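Notes for the one structure printed next.
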2 protein chains.
Amino acid sequence: MRSRRSADVPTLVAHAREGSARAVARLITLVENADPSLREVMAALAPHSGHARIIGLTGSPGVGKSTTTSMLVGALRAEGKRVGVLAVDPTSPFSGGALLGDRIRLVEHSLDREVYMRSMASRGHLGGLSWSTPQALRVLDAAGCDVVIVETVGVGQSEVEVAGLADTTVVLLAPGMGDGIQAAKAGILEVGDVFVVNKADRDGADITVREIRQMISLGDRTESGLWRPPVIKAIAERGEGAGDLMEGLNNHLAWMTEHGVLHQRRIDRASREIEAIALRQVRARMGEVRHGRSLDDLAAEVVAGQQDPYAAADRVIAAL
Amino acid sequence: MRSRRSADVPTLVAHAREGSARAVARLITLVENADPSLREVMAALAPHSGHARIIGLTGSPGVGKSTTTSMLVGALRAEGKRVGVLAVDPTSPFSGGALLGDRIRLVEHSLDREVYMRSMASRGHLGGLSWSTPQALRVLDAAGCDVVIVETVGVGQSEVEVAGLADTTVVLLAPGMGDGIQAAKAGILEVGDVFVVNKADRDGADITVREIRQMISLGDRTESGLWRPPVIKAIAERGEGAGDLMEGLNNHLAWMTEHGVLHQRRIDRASREIEAIALRQVRARMGEVRHGRSLDDLAAEVVAGQQDPYAAADRVIAAL
């Protein structure tokens, strides 16, 4: 039996392209583990990438992200699309099944061969979301997914990061969670291309919709130019709002294509991906410098007040 | 009148060392703004740094961080210490007064000339906490603070970052918040040197104390070697537990000093600080590369599948 580590990259990539969920899973595991073979993997995937549409989905805990994702997966499957779901938890050091374990709603799609689901931990990853997620998306893209949904909980700056990874970002809110203010504070308004007020049968749904609409019209949305994000009401648990959401997503895609925004977003995304890989490489070299004790020696001088950290940083860069 | 931007660094540093709260505030603002004069500032501060003891304080929202900080400030002031408080909000794009505005408990110290208080936003900062906070700590250290408390809300990986900045990390919990499990999940157990169960008059306080003690004894605490973190009960609002907390902190300091851990932590901290400054510099150069369109050109090739991101990253590094 061949060991896991000596995976034959061309074979693995070929199997992933033929639709093997197992091969896809193994490739994403290589990304998670920052495996040295990734360089070869990405080179093999490159000619087959650029097809998938990437949809980001973010919101506070409890707004119904997994139910909404499931609703969206259903709608996309009804159109015959192959769908990937990448659930990224920026707060958890755990990966693999941990996150999807409690995602009951997604179970309904778990036996569908045209749906790939995967959770990924980004915490502890050097470079976090910005390093690992684009490469996992690249795997799903090359595996023939028409649409990949990146789902992440909106804490810290994760929702800004997920927006940077997606063609279209869906921001999910729920009535009565003080989400309006939260959204304004967290900068969620600036990143949303489509807003969904889920659990719209609850009290205050119309107020939340109105608040979001007002804040959007007040906000500075220069990057999006003419795009006015729709605010959609949904009850994802009952599948209500799926049509409106699909319409909102398709309108945004059409608008982006028409205005050259889609291409520019993808260029920006690739720039950040290249930058993250380059920074990781530089940092690894610094780690070698450190392992060679010279960074620690500089640090000891800084601790003793013999040298300031900027001068020390200059010497580290010079040593690279 | 001299403009803010043309601040005379040697004068500002001299004033800060003489105890001018205004000069300290202006220096920290330079850090927040990533002002070009920082290099000169840090060089001027270096000979005067290394005196302050850095205490990190972290916990979930609602556990009573500001009340506990205030209690600790009071206890330190009673010993005649000069105290700095740096409140870092990893989730907020706002800075300055925004955070301290609602910190009623700290107001009691706000007229005390021997207490510096400052809130800082880290979000959006290139390098986040790891870049800006150590430099702000350096300002407070050189300004003659005996102790600096870095307070941050435990979300995302902020509590791990704050532990990396501190000599001693205090993890704050409260009964009945499911904090035990939260702590285990978030990796808070590994970073705490001293645990405080605040609001100890609430139901379940003893259960929380027991849970934390059990998890500590189960956990792998190799880095701390022989140190067994105390779990202290407190009612910070009434000042109860201040003595136990001070004792726990002093015991940890004595243990660290005895075992050489304090010096090693400071070396590690300075290493990370140097690394963060160096990485920021490398990234700025990449930004120049990007502005010169070459990164975008590479990105366009990656989007088109003509090149993989690793090969592109190699070319970016070669161009630096």
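The values are calculated or read from the model by the stated rules, or taken from the named source; none is laboratory data. These numbers come from a predicted model, not from an experiment. All Cβ positions, even for glycine, are placed from backbone atoms using ideal geometry, and neighbour counts span all protein chains on display.
How many residues, within segment A:19-44, are touching a Gly at 6+ places or on another chain (Cβ under 9 Å) and modelled with pLDDT of 90 or more?
Here the count works out to 1.
Just to verify a result, which residue in segment B:262-313, among those that are of a type in the set (S, T, N, Q) and at the interface with chain A (Cβ under 7 Å from one of its Cβ atoms), is surrounded by the most Cβ atoms within 10 Å (Cβ to Cβ)?
Checking each candidate, the answer is B:Ser271.
Name the residues in segment B:222-251 that are surrounded by fewer than 17 Cβ atoms within 10 Å (Cβ to Cβ) and modelled with pLDDT under 85, would you?
B:Thr222, B:Glu223, B:Gly225, B:Leu226 - these are the residues of segment B:222-251 that are surrounded by fewer than 17 Cβ atoms within 10 Å (Cβ to Cβ) and modelled with pLDDT under 85.
Evaluate the following for A:Ala254: is it surrounded by fewer than 19 Cβ atoms within 10 Å (Cβ to Cβ), small (Gly, Ala, Ser), more than 11 Å from chain B (Cβ to nearest Cβ) and out of contact with any Phe, Trp or Tyr (no Cβ under 6 Å at 6 or more places or on another chain)?
yes
Return only the number of the condition from (1) at pLDDT 90 or above; (2) within 13 Å of chain B (Cβ to nearest Cβ) that A:Val316 does not satisfy.
(1)
Of these, B:Arg202, B:Arg210, B:Arg266, B:Arg228, which one is of a type in the set (Lys, Arg), assigned to a helix (DSSP H, G or I) and assigned by TED's automatic domain parsing to the domain that holds B:Leu165?
Exactly one residue qualifies, and that residue is B:Arg210.
Go through the residues of segment B:62-77 one by one and say whether even a single one is closer than 19 Å to B:Val196 by Cα and charged (D, E, K, R).
yes
For every residue, the table says whether it meets (1) within 17 Å of the chain's Cα centre (by Cα); (2) buried (at least 21 other Cβ atoms within 10 Å of the Cβ); (3) not in a helix (DSSP H, G or I).
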position: A:Val13; (1), (2), (3): no, yes, no
position: A:Ala23; (1), (2), (3): no, no, no
position: A:Ile28; (1), (2), (3): yes, yes, no
position: A:Asp35; (1), (2), (3): no, no, yes
position: A:Met42; (1), (2), (3): no, yes, no
position: A:Leu45; (1), (2), (3): no, yes, no
position: A:Ile55; (1), (2), (3): yes, yes, yes
position: A:Val63; (1), (2), (3): no, yes, yes
position: A:Ser70; (1), (2), (3): yes, yes, no
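Please specify each residue of segment A:281-310 satisfying the condition of being in a loop (DSSP other than H, G, I, E, B) and at pLDDT 80 or above.
Hits for segment A:281-310 are A:Ala304, A:Gly305, A:Gln306, A:Gln307, A:Asp308.
For segment A:107-127, indicate whether the set of residues that are at pLDDT below 90, over 30 Å from A:Leu279 (Cβ atoms) and among the β-branched types (Val, Ile, Thr) is non-empty.
yes
Would you check if B:Leu86 is in a strand (DSSP E or B) and either modelled with pLDDT of 90 or more or more than 19 Å from the chain's Cα centre (by Cα) (or both)?
yes
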